[in-house]
Amino acid sequence: MDMMEIRRSYAPTTKRFVTPTGTGRPIKYGDRIFVRIVSMRQCWRTLAEFTLTDVNDFSELIGELRHHTLGERGLTRLYVRNATRGWSFEQPFMLYGERKPVPSASVSRSPVQPSGRREIPESVQLLYDC
């Protein structure tokens, strides 16, 4: 068999991979992305404005956005521009405040029997009555 007849299982050049976003606009690691978010409730006050070059996709961009707007809440307007790829978009974006942990005393627990086992709630017992 001649060496010219053997197929290679790899490509001699590397391919660039671009991750699609949920917005239909691609983001690649190293792209220069400008992000700005303004509050609609506070007379269009800018809450955060920053530049990213180290994100792979839109979900990482949202993670950075949440980090920069920690403690803010309410309806906002998100502006994103990818200077490397030449696209931009804006959309409404809802920020939710931090979730407060529920105190353990307010969580209802089933009573403990003398043997140390928990009592089965009546709603669950009804499922097993035949």
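No lab work stands behind these numbers, since they all come straight from the coordinates. None of these values were measured; they are calculated from a predicted model. All Cβ positions, glycine included, derive from the backbone under ideal geometry; neighbour counts span all protein chains shown.
Tabulated data
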{"read-out": "For L47, net neighbour charge (Lys/Arg +1, Asp/Glu -1) across residues whose Cβ lies under 13 Å away", "value": "+4"}
{"read-out": "Under 5 Å, built H, 5+ apart or other chain: amide partners of F93", "value": "T76, R77, L78"}
{"read-out": "Other-chain or far-sequence residues with amide H under 5 Å of T84's (modelled H)", "value": "R32"}
{"read-out": "Total formal charge among the other residues, if their Cβ is under 12 angstrom from that of F93, Lys/Arg +1 and Asp/Glu -1", "value": "+2"}
